[in-house]
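The structure appears right after this line, and notes come after that.
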Amino acid sequence: MISIQNVHKSFGQLEVLKGIDLTIERGEVVTMIGPSGSGKSTLLQCINGLETINSGEIHVDGTSVFAPDTDLNKLRQKLGIVFQSYNAFPHMTVQRNVTLALRKVLRLPRAEADEIARRQLDRVGLLAKADVYPGALSGGQQQRLGIARALAMSPNYMLFDEVTSALDPQLVGEVLATMRDLSSEGMTMIAVTHEMKFAREVADRVVFFDKGVIAESGNPEEVFLSPKSPRLKEFLSHSQF
Amino acid sequence: MNDMFSTGITPRDYWMMAYGAWKTIQMTLAAGLLATLLGIVLGLLKMSRFAVVRLAVDTLVDVLRCIPLLVQVTLIFSGFAVLGAPISAFTAGTIALTLFAGSYTAEVVRDAILAVPAPLRRAARSLGMTARQEYAYVVLPLGVRQAFPSWLGLMLGIVKDTSVVAVIGYAELLKATQTIITRTQDPLPLLTLAACFYFVICFPLSMVGGYFERSLKKRS
Ligand SMILES: Nc1ncnc2c1ncn2[C@@H]1O[C@H](COP(=O)(O)OP(=O)(O)OP(=O)(O)O)[C@@H](O)[C@H]1O
Ligand SMILES: [Mg+2]
């Protein structure tokens with residue numbers, strides 16, 4: 001379970017998160033929608049401690065992310081995260097991208113790491129590309145590599161931050177399909193997305209972010225078909241789904 | 001050949017120049033290695049969390065880059081002598097070249113590290129890597145690729161800059177050449193020969209460098 005309690009976060013004068021409360025149960029799929037700059041990416045990065053918070057609490061499986069005695073490197077192994085930008089390590093083959101953390105962080109023997117990597121690459125449809133460098137991959141393939149790399153660590157949670165928004169339209173589908181597969185396998189997921197159709201179909205719960213607060217949340221039908229707040233109505237009127 | 005003999009260059013002179021070239025290579029190797037190490041340390045300190053450290057290093061680097069190498073070499077050589085702890089021309093020259101090239105290397109190192117995209121570094125940390133692992137497996141390898149061409153340029157610069165150390169009597173290639181010229185009074189053939197020696201030292205370096213650079217590119 002990820003529990004976020006009354007989280008406030010500022011960058012200098014700018015308050016980006018203004019009291020966020022959110023709980024994600026194991027097995028749940030939560031999609032996050034909301035206008036640009038509303039703090040979605042910031043919240044995801046706070047969950048795995050890449051950003052600090054000013055006040056409040058975040059717990060992952062009972063461990064406080066910001067307690068001084070928390071081993072963040074250990075905690076991050078439970079949280080897979082994939083970003084909007086392609087983040088493959090360009091100097092390593094596709095397979096080594098996946099095995100690096102298995103070998104260096106989890107300290108698995110080479111054979112075992114290779115086997116896990118090949119299994120995950122197969123799962124996202126990249127096994128044939130195992131020995132090429134990421135530069136030779138399309139954007140969609142790079143994002144699937146990012147997903148495979150995160151999954152290889154056997155995380156309890158997967159966080160996705162607009163992983164399709166830098167992609168050419170014809171490549172979006174393959175990445176969303178991979179995420180759908182994951183959700184149907186029971187992975188706990190938080191996905192920030194601008195793909196409203198996807199947000200609606202895959203989610204158990206949809207969270208609407210606006211100006212640093214969760215302005216509305218609920219099951220997909222409630223949020224998409226009978227939005228209550230004017231801001232959400234307005235936001236949805238600008239998106240197709 | 002006849003023409004050469006008429007200029008009064010003896011076989012012994014060739015040996016003297018070859019020996020000078022060897023001394024040039026020695027100083028290049030020593031200063032190149034030390035300048036690289038110094039550059040890495042200064043480059044990292046340039047990105048220190050502490051403003052005082054950054055300011056101190058920036059000032060040092062600016063000072064070193066503003067004073068002509070000739071002045072630095074002479075100052076270091078005579079400075080130690082005046083202080084009553086004279087050092088050899090080789091040591092003085094190596095120190096001066098190390099400081100001089102090291103200050104440029106520091107810039108190269110810093111720029112290379114800053115060129116590693118922040119999202120890649122965040123990705124490394126989000127996989128559970130420690131800051132040290134992030135540096136070892138992501139920042140360093142990518143930084144080296146970035147820095148390599150400029151670094152190689154600095155090393156080739158050291159080969160040529162060793163000639164400055166002639167002023168304090170270090171008998172490297174140029175000094176050896178000048179000594180012979182004083183006798184023969186005919187600078188043109190000897191300087192041409194010296195130029196060839198410099199080329200022979202530099203060319204393999206830039207060949208190997210070019211090859212290395214291409215093979216790095218192929219793998220990314
Ligand atoms: N490192 C930072 N330093 C200063 N300001 C930042 C930083 N990161 C984000 N911000 C600001 O915080 C606000 C929220 O940013 P965030 O990226 O979380 O929004 P978002 O909801 O993910 O938006 P988008 O849909 O455009 O990705 C923005 O105004 C942004 O400019
Ligand atoms: Mg964002």
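Note the full-extension length gain between B:Lys218 and B:Leu83 as 0.36 nm times their separation in residues minus their Cα-Cα distance, in nm to one decimal. Walk me through the numbers before you get to the answer.
Numbers: separation 135, 0.36 × 135 = 48.60 nm, distance 5.31 nm.
Extra length available between B:Lys218 and B:Leu83 comes to 43.3 nm.
A straight Cα-to-Cα reach below 14 Å connects A:Lys40 with the aspartates and glutamates A:Glu15, A:Asp21, A:Glu51, A:Asp161, A:Glu162, A:Asp210, A:Glu216, residues fewer than 8 places away in its own chain not being considered. Calculated FRET efficiency, B:Val41 to B:Ala18, Cβ-Cβ distance, R0 = 25 Å: about 0.10 to the nearest 0.05. Using the average count of surrounding beta-carbon atoms within 10 Å as a protection proxy, the listed peptides A:232-239, B:49-56, A:84-91, A:147-154 rank, highest first, as A:147-154, A:84-91, A:232-239, B:49-56.
Counting DSSP beta bridges with both partners in chain A, what percentage is antiparallel, nearest 5?
On the way: 20 of 37 bridges.
Expressed as a percentage, antiparallel bridges in chain A total about 55.
Counting Cβ atoms of other protein chains within 10 Å of each Cβ in A:89-96 and taking the mean gives 4.
On a C-alpha basis, how far is the centre of segment A:1-39 from the centre of segment A:134-177 in Å? Whole number, if you could? Centre-to-centre (Cα) distance: 22 Å.
When ranked by the protection proxy of mean other Cβ atoms within 10 Å per residue, highest first, what sequence do the peptides B:26-37, B:193-204 form?
Values: B:26-37: 19.4, B:193-204: 14.8.
Per-residue mean Cβ counts within 10 Å order the peptides as B:26-37, B:193-204.
Leaving out ligands and nucleic acids, note down the accessible area per residue over segment A:37-132 with a 1.4 angstrom probe, in whole Å².
On the way: 4180 Å² over 96 residues.
On a per-residue basis, 44 Å².
For A:Ile4, the shell of other residues with beta-carbons less than 10 Å away shows a net charge of -2, using +1 for Lys and Arg and -1 for Asp and Glu.
Remark on A:Glu216: its backbone amide H falls under 5 Å from those of A:Phe208, a criterion applied only to residues 5 or more positions apart or on other chains, H modelled at 1.01 Å from N. Using the Karplus relation 6.51 cos²θ - 1.76 cosθ + 1.60 with θ = phi - 60°, the per-residue 3J(HN,Hα) values for segment B:146-156 come to 5, 7, 3, x, 5, 4, 4, x, 5, 5, 5 Hz, with x marking Gly and Pro.
Considering only DSSP beta bridges with both partners in the protein assembly as shown, what is the antiparallel share in %, to the nearest 5? Write down the numbers at each step before the final one.
Values: 20 of 37 bridges.
About 55 percent, rounded to the nearest 5.
In sequence order, segment B:202-210 has phi-based couplings of 6, 4, x, 4, 6, 4, 4, x, x Hz under the Karplus curve 6.51 cos²θ - 1.76 cosθ + 1.60, θ = phi - 60°, and Gly or Pro positions carry x.
Each helix, a run of at least 4 DSSP H residues, gives -39500 (n - 2.57); summed and divided by the residues of the protein assembly as shown, these come to -18500 deg cm²/dmol at 222 nm. Per atom type, segment B:24-171 shows carbon and sulfur on 72% of its accessible surface, probed at 1.4 Å. Over segment B:24-171, the pair-distance histogram of Cα-Cα distances with 5 Å bins from zero comes to 2, 10, 17, 18, 17, 13, 9, 6, 4, 2, 1, 0 percent, rounded to whole numbers. Between 0 and 90 degrees, the angle of helix A:94-104 with respect to the longest Cα principal axis of chain A falls at about 90 degrees.
Calculate the FRET efficiency for B:Cys66 and B:Thr10 from the Cβ-Cβ distance with a Förster distance of 45 Å, rounded to the nearest 0.05. The formula returns an efficiency of 0.55 here. For the peptide B:116-122, the mean number of other protein chain Cβ atoms found within 10 angstrom of a residue's Cβ is 4. Whole-Hz Karplus values for segment B:125-130 come out as 5, 6, 7, x, 6, 6 Hz, taken residue by residue from phi with 6.51 cos²θ - 1.76 cosθ + 1.60 and θ = phi - 60°; glycine and proline positions read x.
For the segment B:126-139, counting C-beta atoms of other chains within 10 Å of every residue's C-beta and taking the mean gives 6. Beyond 19 Å in Cα-Cα separation lie the following of the pairs A:Lys211/A:Lys233; A:Lys78/A:Lys211; A:Lys18/A:Lys233; A:Lys18/A:Lys74; A:Lys78/A:Lys104: A:Lys78/A:Lys211; A:Lys18/A:Lys233; A:Lys18/A:Lys74.
For B:Tyr211 and B:Ala195 in the same chain, what is the full-extension length gain: residue separation times 0.36 nm, less their Cα-Cα distance, in nm? Walk me through the numbers on the way to the answer.
Details: separation 16, 0.36 × 16 = 5.76 nm, distance 2.39 nm.
Between B:Tyr211 and B:Ala195, full extension yields an extra 3.4 nm.
The values are calculated or read from the model by the stated rules, or taken from the named source; none is laboratory data. This one's a predicted model, so the numbers in the text were calculated from it and none came from an experiment. All Cβ positions, even for glycine, are placed from backbone atoms using ideal geometry, and neighbour counts span all protein chains on display. The accessibility values were calculated without ligands, DNA or RNA, using every heavy atom of the protein model including side chains. Shrake-Rupley method; radii C 1.70, N 1.55, O 1.52, S 1.80 Å.
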